[in-house]
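Colleague: Next up is a structure, given as structure tokens.
Where a number appears in this text, it was derived from the coordinates with a stated rule and is not lab data. Computed from a predicted model, the values in this text were never measured in an experiment. Cβ sites come from the backbone with ideal geometry, for glycine too, and all protein chains shown count toward neighbours.
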Amino acid sequence: MFKVIGGFVAGVVFVGAAAYNFMGSLMFREVPSPYGVEETVARIQQNIQNVGNGWALQGLRNPVKPLEADGGNALPVLMIEACSTKYSGPILNDDAIRFLSILMPCKISVYKKNDGKTYIGLMNAGLMGRMFGTKVGEIMAGVAEDQAKFTIFDPDTPAPAMIKNTPAASGGSSGGGAAGGC
Amino acid sequence: MFSTIRIVMPALILYAFTANAIAVPTKPEAAGGQGAQPVAASVMPSTADHHKFKALQKQFKSGPEVTEACLTCHTESAKQVQHTKHWTWESVDPQTGQNRGKRNIINNFCTSVVSNEADCMACHAGYGWKDNRFDFTVEKNVDCLVCHDTTGTYRKLPGFAGHPVYKPLEFPPGSGRRVEAVDLMRVAQNIGMPSRTNCGSCHFFGAGGNGTKHGDLDSSLQHPGKYLDVHMDEKGLNFSCQTCHATSKHQVSGSRYNMAAALKGGAHMRGMKDASPASCQSCHGNKPHPVTMTKLNQHTDKIACQTCHIPAFARNEIGTELSWDWSHATKMGPDGKPVLRMDSAGRRAFDSKKGTFAWDSYVIPEYRWFNGIAKYKVIGDKIDPTQTVQINEFGGSADDPDSRVWPVKVHRGKQPYDKVNLTLTLQHTGGEDDTALWHNYDWQKAITTGMEAGGLPYSGEFGFVSTEHTWPITHMVAPKGDALSCAQCHSKNGRLKDVEGVYMPARDGSKVLDTLGWTLALLALMGALVHGGIRIIAAKRG
């Protein structure tokens, strides 16, 4: 009996420790980009605008700028913000899950590391959605499907211009919101 | 405790004196007595008001006229300038005797000034150098204003052989942009010590664009923040260029042609005769870290200061050019017309006149051993087109006590060469004549004219060869908190992974030693297990 309980507890501890260790890498993904930071951003922005499903650019943030203004340095990080009314609407209209608005807008981070290469940081929307029940799971599965298309690059197309001044979301919509957004 | 007192007491004494000085301002009467006259509310930084000089109170028609006026007082200045690289565009290597300088080398940006003087001399501190007949002895052709203008209105454009704009014009032609004529009298009356803007008007914009050439010099250094350069920080130390590049008789110290790659000894006293004031060590010494950081000080015999303290260059959106492929030049768009295409950040990516470019910002340097001696490819040097041609070869190695590991920018390119004579070619690019590449898009004519101007034989057959041009990185010094951490170099794939000839803990290992160590560790573990096991079994048996 002692062996059975001991084995069970050991199993629980092992699974818990494994989940604790791997949770971060399961929730977020990092993929290398074949392009520089600006071109990667520009190509993702172009893909977001072309993917349909109500997606629109919401902003482009540079979290390094405040650091530089404060006299510090960091390698470049640019965060693309995008949203889709198709996916945001049902969440924003349901009191039970409205708190998930904290995940809006959807963010994709593009950054350079010390190896000089560019990487894309993404949230694993599909897995995260499944943690909040069927409804959110289905919505986020759609987000994940679209998100996968954001990072498919066509090397034969010339580099588009990076969109620096995306209208920031104000009052729940924006200039870009006419065609989508949240 | 004693050390705390040692620090606090002088600080308190200093505070007492300075606080008193601030609290009780000296009245002018008290200082000067009854007869003292009040002084002007503000004084000029200079001891001479150039508005008051008769020689400068006239409408000048040309730059040389202004210089003649300057020389009436500054009688020796032109002669001094004529002995500098800013005038001769030559630099002799004191160790190898090689004659380098813009006039003699071929780089892998715009390639060469030969046959393109009218364009390139927009950055010459002189007037009228339009071909190889330029007289370097004429004093009035020295351009004082390009370095000493404080109005920010003095501009020299490509195509005018170093002259500023005397009449309003559209530039570039056909662009619809109007450039006003310079008011030479106003500029002449408002001269001063060179500012970052003066130096930067050429050094920030080398190779035809902001940040193109150096990587650690661009227009962001006109008004830099602390993050970009801890010394030039506009709200902090606010160094000008000549704070480091100390100047004597118009000779500006510090040049990539003759670099002090490794300096020994302590900081240098200002005023002391010093061959290399434009170095970190001239102020910081070669043991710059506190004694509690002995390990860092031990690095200074192998590592240049810049290696740790400039973790990345081109740290802004301007970026820097990393490659220029001339082999794509003359390719037209689908409609047969020239094309100009920008990259995602708005920097030149393709130009039918010039070829293809690659740019980047926040660039991680490459690292090389460097002893300050670089051998350059000069006009007429033979090349091996089967290899990547080194435009400049950095001397130095791990065994050389005068070498340090330096951060560098490597600009890679493809440029034309003579397939028979095996020389890099000179090509006539700028200008509106029939043989100018940027006018006629004809390589053969452009190379023929360029080689003729340079006095080089040309076989008539050209190809394109890969080249590399290496630039030491020494500006854009980050605050000390942003210096590289130990692990950024001391790791398997760290910054210095390709630097050879030196053992680096955590990067390098000995297979024999590693195997021996792990074997010993394993044996110890096994010994402990066996010993423990025996003890347990023995205890159970009673």
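Colleague: Please find the FRET efficiency linking A:Tyr20 to B:Met526, where r is the Cβ-Cβ separation and R0 is fixed at 41 Å, and quote it to the nearest 0.05.
Modeller: 0.80
Colleague: Does the range A:1-133 come out rounded, prolate or oblate by the C-alpha gyration tensor, with a ≥ b ≥ c the root eigenvalues, rounded set by a/c under 1.5 and, if not, prolate when a/b is larger than b/c and oblate if not?
Modeller: oblate
Colleague: Ordered by packing density, taken as the mean number of other Cβ atoms within 10 Å over each peptide's residues, highest first, how do B:229-242, B:108-121, A:15-28 rank?
Modeller: B:108-121, B:229-242, A:15-28
Colleague: Shifting gears a bit: Taking a label point 7 Å from the Cα of B:Lys497 along the Cα→Cβ vector, which residues of the range A:1-45 have an amide N closer than 18 Å to it?
Modeller: A:31-35
Colleague: Run the simple label-point estimate for B:Asp402 and B:Met504 please: 7 Å along Cα→C-beta, distance reported in nm.
Modeller: Each label point lies 7 Å from its Cα, and together they span 2.5 nm.
Colleague: Moving on to the next point. If we count other beta carbons within 10 Å of each Cβ, what is the order of A:Lys113, B:Lys140, fewest first?
Modeller: A:Lys113, B:Lys140
Colleague: List B:His50, B:His475, B:His74 from most exposed to least, where exposure is judged by having the fewest other Cβ atoms within 10 Å.
Modeller: The order, fewest Cβ neighbours first, is B:His74, B:His50, B:His475.
Colleague: Need one word for the protein assembly as shown: rounded, prolate or oblate. Basis is the Cα gyration tensor (sqrt eigenvalues a ≥ b ≥ c); a/c below 1.5 gives rounded, then a/b vs b/c decides.
Modeller: It is prolate, given that a/c is not under 1.5 and a/b is the larger ratio.
Colleague: Now for a different question. What per residue convex hull volume, in Å³, comes out for chain B when only alpha-carbon positions are used?
Modeller: Cα-based convex hull of chain B, divided per residue, equals 261 Å³.
Colleague: Quote to one decimal, in nm, the extra length available between B:Lys511 and B:Thr96 on full extension: 0.36 nm per residue of separation minus the C-alpha distance between them.
Modeller: Answer, rounded to one decimal: 145.2 nm.
Colleague: Which one, A:Val12, B:Cys283, B:Gly152, projects farthest toward the positive side of the charge dipole computed for the protein assembly as shown from Cβ point charges (K/R +1, D/E -1)?
Modeller: A:Val12
Colleague: Report the net charge of residues surrounding B:Asn392, where surrounding means a beta-carbon distance below 15 angstrom and charges are Lys +1, Arg +1, Asp -1, Glu -1.
Modeller: Cβ neighbours under 15 Å give a net charge of +4.
Colleague: Return the distance in nm (one decimal) between the two label points of a simple spin-label model at B:Glu170 and B:Leu422, each offset 7 Å from Cα along Cα→Cβ.
Modeller: 5.0
Colleague: If r is the Cβ-Cβ distance from B:Arg412 to B:Trp518 and R0 is 41 Å, what FRET efficiency results, to the nearest 0.05?
Modeller: 0.45
Colleague: Just tell me which lysines come within less than 18 Å, Cα to Cα, of A:Lys117; anything on the same chain fewer than 8 places away is out.
Modeller: Straight-line reach from A:Lys117, under 18 Å: B:Lys409, B:Lys492, B:Lys497.
Colleague: Please get the size of the charge dipole for the range A:1-134, origin at its Cα centre, with Cβ charges of +1 on Lys and Arg and -1 on Asp and Glu, quoted in debye to the nearest 20.
Modeller: 300
Colleague: Using the charge dipole of the protein assembly as shown (Lys, Arg: +1 at Cβ; Asp, Glu: -1 at Cβ; taken about the Cα centre), state which of B:Thr519, B:Leu422, A:Gln46 has its Cα farthest towards the positive end.
Modeller: The listed residue farthest towards the positive side: B:Thr519.
Colleague: Which distance in nm do the two modelled labels at B:Glu65 and B:Leu157 give, with both placed 7 Å along the Cα-to-Cβ direction?
Modeller: Going by the 7 Å Cα→Cβ label model, 2.0 nm.
Colleague: Oh, and also: Step through the residues of the range B:505-512 one at a time and calculate ³J(HN,Hα) from phi using the Karplus curve (6.51 cos²θ - 1.76 cosθ + 1.60, θ = phi - 60°), rounding each to whole Hz and writing x for Gly and Pro.
Modeller: Running phi through 6.51 cos²θ - 1.76 cosθ + 1.60 with θ = phi - 60° gives x, 6, 8, 9, x, 9, 4, 5 Hz.
Colleague: For B:338-347, what's the mean count of beta carbons from other chains sitting within 10 Å of each residue's beta carbon?
Modeller: So the per-residue partner count for this stretch is 5.
Colleague: Shifting gears a bit: Which whole-Hz ³J(HN,Hα) couplings does the range A:125-133 yield from phi under the Karplus relation 6.51 cos²θ - 1.76 cosθ + 1.60, θ = phi - 60°, glycine and proline marked x?
Modeller: 4, x, 5, 5, x, 5, 6, 10, x
Colleague: Oh, and also: Once amide H atoms are built 1.01 Å from N in the peptide plane, which residues 5 or more positions from A:Ala159, or in another chain, come under 5 Å H to H?
Modeller: none
Colleague: Just want the answer: with Cβ charges of +1 for Lys and Arg and -1 for Asp and Glu, which residue in B:Ser219, B:Thr247, B:Val230 is farthest toward the dipole's positive end in the range B:209-250?
Modeller: Farthest along the dipole direction, towards plus: B:Thr247.
Colleague: Here's a follow-up. Once fully extended, how much extra length lies between B:Lys480 and B:Glu461, figured as 0.36 nm per residue of separation less the alpha-carbon to alpha-carbon distance?
Modeller: Stretched fully, the B:Lys480-B:Glu461 segment lengthens by 1.5 nm.
Colleague: For B:Gln298 and A:Val31, what is the calculated FRET efficiency with R₀ set at 35 Å and r taken between the beta-carbons, to the nearest 0.05?
Modeller: 0.30
Colleague: List the pairs from B:Lys249/B:Lys414; A:Lys164/B:Lys102; B:Lys79/B:Lys287; A:Lys107/B:Lys480; B:Lys102/B:Lys445; B:Lys354/B:Lys419 whose alpha-carbon separation is above 29 Å, in the order I gave them.
Modeller: Listed pairs above 29 Å: B:Lys249/B:Lys414; A:Lys164/B:Lys102; B:Lys79/B:Lys287; A:Lys107/B:Lys480.
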